[in-house]
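The values are calculated or read from the model by the stated rules, or taken from the named source; none is laboratory data. Bear in mind the structure is a predicted one, so any value in this text is a computation, not a measurement. All Cβ positions, glycine included, derive from the backbone under ideal geometry; neighbour counts span all protein chains shown. Quick note on the areas: whole protein, heavy atoms, side chains included, nothing else; ligands and nucleic acids left out. Shrake-Rupley method; radii C 1.70, N 1.55, O 1.52, S 1.80 Å.
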Amino acid sequence: KDANAALLSNFEVYQLLTDLKQQRKESGKTKQSSGQQNLNTIMYETLKYISKTPCRYQSPETVREFLVAMKGHKLTK
């Protein structure tokens, strides 16, 4: 499947952003370009919003189970 055309669940976005935030914290870079600062703002705002949704308490298994359960309904995007 085309990785660029795939849809992401809120859980996957939350997990990706928290992992990226942790990596940046561990790298400890202090000097950032304005583009990087803009990206940091977007990441912060997205994490702030998405942390208030139920995806924060989900796991990969629950998302997988949901997708398997919905497969029989043949839903489209």
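Please give the solvent-accessible surface of residue 41 in Å², to the nearest 10, using a probe radius of 1.4 Å with every protein chain present.
The value for residue 41 is about 80 Å².
Among 15, 73, 34, flag the residue with its Cα farthest along the positive direction of the charge dipole of the chain, charges on Cβ as +1 for Lys/Arg and -1 for Asp/Glu.
34
How do 66, 11 stack up against each other in accessible area, from largest to smallest, with a 1.4 angstrom probe?
66, 11
Compute the accessible area per residue over the chain, keeping the other protein chains in place, probe 1.4 Å, unit Å². All intermediate terms of the calculation are to be shown ahead of the outcome.
Working: 6940 Å² over 77 residues.
With all protein chains present, the chain gives 90 Å² per residue.
Give, as a single signed number, the net charge of other residues whose beta carbon lies under 14 Å from the beta carbon of residue 43, with Lys and Arg counted +1 and Asp and Glu -1. Spell out each step's value before the answer.
Details: positive: 21, 24, 25, 48; negative: 19, 45.
Once all neighbours under 14 Å are counted, the net charge is +2.
Tell me the Rg and the Dmax, in Å, that the Cα atoms of the chain produce.
For the chain, the Cα-based Rg and Dmax read 15.7, 50 Å.
Residue by residue, what Karplus-based ³J(HN,Hα) values in Hz, rounded to whole numbers, does segment 53-64 have, using 6.51, -1.76 and 1.60 with θ = phi - 60° and x for Gly and Pro?
9, x, 4, 4, 9, 7, 9, x, 5, 5, 5, 4
When the accessible area of segment 10-71 is split by element with a 1.4 Å probe, what percent falls to carbon and sulfur?
Numbers: 2860 of 5160 Å².
That share works out to 55 percent.
Calculate the dipole size of segment 23-77 relative to its Cα centre from +1 charges on Lys and Arg beta carbons and -1 charges on Asp and Glu beta carbons; express the result in debye to the nearest 20. Walk me through the numbers on the way to the answer.
Working: 11 positive and 4 negative charges, 23 e Å.
I would put it at about 100 debye.
For segment 66-74, take each phi angle, set θ = phi - 60°, evaluate the Karplus expression 6.51 cos²θ - 1.76 cosθ + 1.60, and give the result in whole Hz per residue in order, putting x for glycine and proline.
4, 5, 5, 5, 7, 4, x, 7, 6
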